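The values are calculated or read from the model by the stated rules, or taken from the named source; none is laboratory data. The model shown is predicted, which means the values in this text are computed figures rather than measured ones. Methodologically, a virtual Cβ is constructed for each residue, glycine included, from the backbone with ideal geometry; neighbour enumeration extends over all protein chains shown. These area figures cover heavy atoms from the full protein model, side chains too; ligands, DNA and RNA do not enter into them. Shrake-Rupley method; radii C 1.70, N 1.55, O 1.52, S 1.80 Å.
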Amino acid sequence: MGDGPHHHPHVDPLAPLRAAGDPSCDVYLTGTVFLDIIFTGLASAPVRGTESWARGMGSSPGGVANMAAALARLGLKTSLAAAFGDDHYGEYCWDELEQGEGIDLSISRRVSGWHSPVTVSMAYEGERTMVSHGHEPPPEEPAPACPPRARAAVASLTPGRRAPWIAEAARQGTRVFADVGWDDTGAWDLAGLADLEHCEAFLPNAQEAMRYTGTECPRAAAHALTEHVPLAVVTLGADGAYAVDGSTGETAAVPAIAVEALDPTGAGDVFVAGFVTGTLAAWPLADRLAFAGLTAALSVQEFGGSLSAPGWAEIAAWWSRVQSYEDQDPAALSRYAFLERLVPDECVDPWPRRRAVPTIGFRRAT
């Protein structure tokens, strides 16, 4: 089914920091892998009792796979613990992540008789509507209680519920970055995010941040969050992102990059992956924010979540292209000058990258 990882310019953002005795894994993840089926180019939201036709369609691994692929494409050694069904969907997702993206699935499991969770996503007018179906995997199949040693882990916090592996990872010295979903209970109680005490950074969006802190603006929310976690990063959608490092008092704000969005699926995950990469590489806070925003902006111009994540070839191509514009604002360009020391000098054969495919089962040409 797969044809192995494509050749593309390799950048290891952590190369200057690597030393003997380091963990073999840069980032550890656990969660649910979905098969995502994405419809794009819809004129409007589906209307009850009618049939809508989409101009585009793609299929790709989704759920936690979005974050895993985004991290791997940025050059981080990524380990994923997840359950995979033994159906064709599960086989496809496993193959794409292990063979296509080079993600370590040695602590993942194939579950006999369990069908893969599926999400259908419909993208229109810069928004999306999703319908999902799935069952909990057998209880013996989730993440190991003792995660592998890793430089970092990304955790999705669930209100009112602890995940024991987070405390164990932090105890081992793993730097835990957390995001959170919408609180369906409506409580928006920070005390309910008990695992936040083990986290180094928290990356909610503006609405989540303001509801959890009871504040009226995202910047105030970010400052309030630093009473609970050392580093707060609030994403502001079209307005970019704002971060506060509570340990140093440093703040940073970076505007968003204006792009025409084809499909926003997974953009938040790509943002987190970019920020984790910059943090592990010890970049300045503003550079980390800018890089995270850039990677997210590049991702929404492709179908799908996991397979829309940019690699260094796409980042290098973007950097080369924006420098060629005659009317480019020098101040805006200087915000990304740090890329000069990172991107490969030449982008030989950067494409075709693995992208979301319309129909699972087509064999790629080798």
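Strands (runs of 3 or more DSSP E) wholly in segment 1-100 with at least 2 residues that are out of contact with any Lys or Arg (no Cβ under 7 Å at 6 or more places or on another chain) and either closer than 20 Å to VAL300 by Cβ or at pLDDT 95 or above (or both) - which ones?
It comes to 25-30, 33-40, 56-63, 78-81.
Would you be able to tell me the number of residues in segment 190-206 that are modelled with pLDDT under 95 and either surrounded by fewer than 16 Cβ atoms within 10 Å (Cβ to Cβ) or acidic (Asp, Glu) (or both)?
Qualifying residue count for the region: 1.
Here is a check on your reading of the model: is GLY268 open to solvent by 40 Å² or more (accessible area, probe 1.4 Å), out of contact with any Pro (no Cβ under 6 Å at 6 or more places or on another chain), part of a helix (DSSP H, G or I) and touching a residue at least 60 places away in the same chain (Cβ under 8 Å)?
yes
Pick out, from segment 109-223, the strands (runs of 3 or more DSSP E) lying fully within it that include 2 or more residues that are free of Cβ contacts under 8 Å to residues at least 60 places away in the same chain and not aliphatic (A, V, I, L, M).
The qualifying strands (runs of 3 or more DSSP E) are 109-111.
Report, by residue number, each residue of segment 114-162 that is in contact with an Asp or Glu (Cβ under 8 Å, 6 or more places away or on another chain), at pLDDT below 90 and closer than 23 Å to TYR92 by Cβ.
Matches in segment 114-162: SER121, ALA123, ARG128.
Would you pick out the residues in segment 99-127 that are under 17 Å from the mean Cα position of the chain (by Cα) and open to solvent by 30 Å² or more (accessible area, probe 1.4 Å)?
If the condition is that a residue be under 17 Å from the mean Cα position of the chain (by Cα) and open to solvent by 30 Å² or more (accessible area, probe 1.4 Å), then GLY102, ASP104 are the ones that fit.
Go through segment 14-61 and count every residue that is basic (Lys, Arg) and farther than 26 Å from ARG151 by Cα.
Within segment 14-61, residues that are basic (Lys, Arg) and farther than 26 Å from ARG151 by Cα number 2.
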